[in-house]
1. Which of the residues belonging to the range 320-347 are β-branched (Val, Ile, Thr) and under 20 Å from Ser247 (Cα atoms)?
2. From the list Ala170, Ala183, Ala259, which one is open to solvent by 30 Å² or more (accessible area, probe 1.4 Å), modelled with pLDDT of 85 or more and not hydroxyl-bearing (Ser, Thr, Tyr)?
3. Which residue is most open to solvent (accessible area, probe 1.4 Å), if the candidates are limited to the range 288-308 and must be in contact with an Asp or Glu (Cβ under 8 Å, 6 or more places away or on another chain), in a loop (DSSP other than H, G, I, E, B) and within 16 Å of Asp86 (Cα to Cα)?
4. Val369 is checked against (1) outside any strand (DSSP E or B); (2) of a type in the set (Val, Ile, Thr); (3) modelled with pLDDT of 95 or more and fails just one. What number does that condition carry?
5. Restricting to the range 236-256, give me the number of residues that are open to solvent by 50 Å² or more (accessible area, probe 1.4 Å) and at pLDDT below 90.
6. Could you tell me whether any residue of the range 310-323 is over 23 Å from Leu367 (Cβ atoms), open to solvent by 30 Å² or more (accessible area, probe 1.4 Å) and assigned to a loop (DSSP other than H, G, I, E, B)?
7. Can you find even one residue in the range 152-161 that is at pLDDT below 90, part of a loop (DSSP other than H, G, I, E, B) and out of contact with any His (no Cβ under 7 Å at 6 or more places or on another chain)?
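The values are calculated or read from the model by the stated rules, or taken from the named source; none is laboratory data. Worth saying up front: this structure is predicted, and the values here are computed from it rather than measured. Ideal geometry is used to build each Cβ from the backbone, glycine not excepted, and the neighbour counts take in all protein chains shown. What goes into the accessible areas is simple: the full protein's heavy atoms, side chains included, and nothing from ligands, DNA or RNA. Shrake-Rupley method; radii C 1.70, N 1.55, O 1.52, S 1.80 Å.
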Amino acid sequence: MGRRRSAAAAITLVCALAALASPQAMSGAYAAPAPPGPSFSPSAVPPPPVELPPGAGQSGTPGKKSLDDIRIELDALYEKAASATDTYNLADEQYQKLSAEVSTLTQDLVRGQARIDELNKTAGAAARAQYRGGGLPPEAQLVLTDDPGLFLDGVGRLQESQRATHRLIAELTRAQEDLKTYAQDAGTEWAKLEVSRAKKEKAKEEITQQIAAAEKIEAGLEKEDLARLARLQDDAALKAQSAWLGSGALKDINRGASAQGKQAIAFATAQIGKPYVWGAEGPSSYDCSGLTSEAWSAAGRPIPRTSQEQWRQLPRVPVADMRPGDLIIYFEDASHVGMYVGDGTIVHAPRPGRNVTLAGAGTMRILGVVRPDK
């Protein structure tokens, strides 16, 4: 009965695992090419403020929202989507790892049950041999013999048989204990797997909701308002970049990159123009941390997959000492990352609807800087 329950447990885990598994050269300092347009030129004079006609950009709510209000709202929605994307990526990474562990434990269960079956067969064969010997145990047969030679020979065989029996019982006991441990471990990992899957689904739902809300706002704008909104976004980026460079936060905008840093920069800049897709790691599309992790992997330095883990695990350096190849982590929750390439510029995958591009390093709120090859 115990054997049938163990086999059933193994089969159940195999089936459950199958069901879950079905779900998605540069030298010296690097001087980045100057980004097009005035948005990234600190010396450029910002255009005059946009004058909105009555009702423009108000999405059917007169007097309540200006285009600048909408810009701020869109930024907030996409930041929330970026944060949820990081949560999704981390949960997905854990899910893949746990899936592999559960698969290994399930295989151990199957092998353990097979070993128990084999040992039981061996024990059964010994019992059948005894039955063929008249049903008497070897000790009784030995006592009943009249031949001294057979008696002495039987003593040796009896001792060896007893040792073999003890070994068989001990191995069977170990196999049963191992099987029990495998089943307990598999159950624990299975529970973790379910938690990770739930986190993935919740994060996916959050991403979808935030992006849909942003797209709905943009879809409600007239063509002229969309153009004005783009100019407002450029103006805000220019203002933030100019303030950052003017603060003296970065002492030297063109330090030399390390050998690996140059390789990472070459990979990242080669992806310019490819679309942002949340959860993507290339080669045709990327999200922000997918781009930086793949770039440094191409340089022979694997780093964590998510921007939050990159911030948590990689060595930190002062912003003032930043060099090309370093990663700049943005926002309080470390939900965005870009790679510094020199000239006060980063290459990054911005957000849904945008492509991998160059941008001013100070256009977003900087949390800190990490150096993968420190």
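1. Residues of the range 320-347 that are β-branched (Val, Ile, Thr), as a first pass: 328-329, 337, 341, 345-347.
Ile328, Ile329, Val341, Thr345, Ile346, listed by residue number.
2. On the way: Ala170 fails: modelled with pLDDT of 85 or more; Ala183 fails: modelled with pLDDT of 85 or more.
Every option except Ala259 fails the conditions.
3. Here the answer is Arg305.
4. (1)
5. Step one: of the range 236-256, the residues open to solvent by 50 Å² or more (accessible area, probe 1.4 Å) are 239, 243, 245-247, 251-255.
If we keep only those that are at pLDDT below 90 as well, we get 245-247, 251-255.
Residues that pass the stated criteria total 8.
6. Of the range 310-323, the ones over 23 Å from Leu367 (Cβ atoms) are none.
No, every residue in the range 310-323 fails to be over 23 Å from Leu367 (Cβ atoms), open to solvent by 30 Å² or more (accessible area, probe 1.4 Å) and assigned to a loop (DSSP other than H, G, I, E, B).
7. Of all residues in the range 152-161, those at pLDDT below 90 come to 152-161.
Narrowing further to those that are part of a loop (DSSP other than H, G, I, E, B): none.
So far as the range 152-161 goes, no, none of its residues is at pLDDT below 90, part of a loop (DSSP other than H, G, I, E, B) and out of contact with any His (no Cβ under 7 Å at 6 or more places or on another chain).
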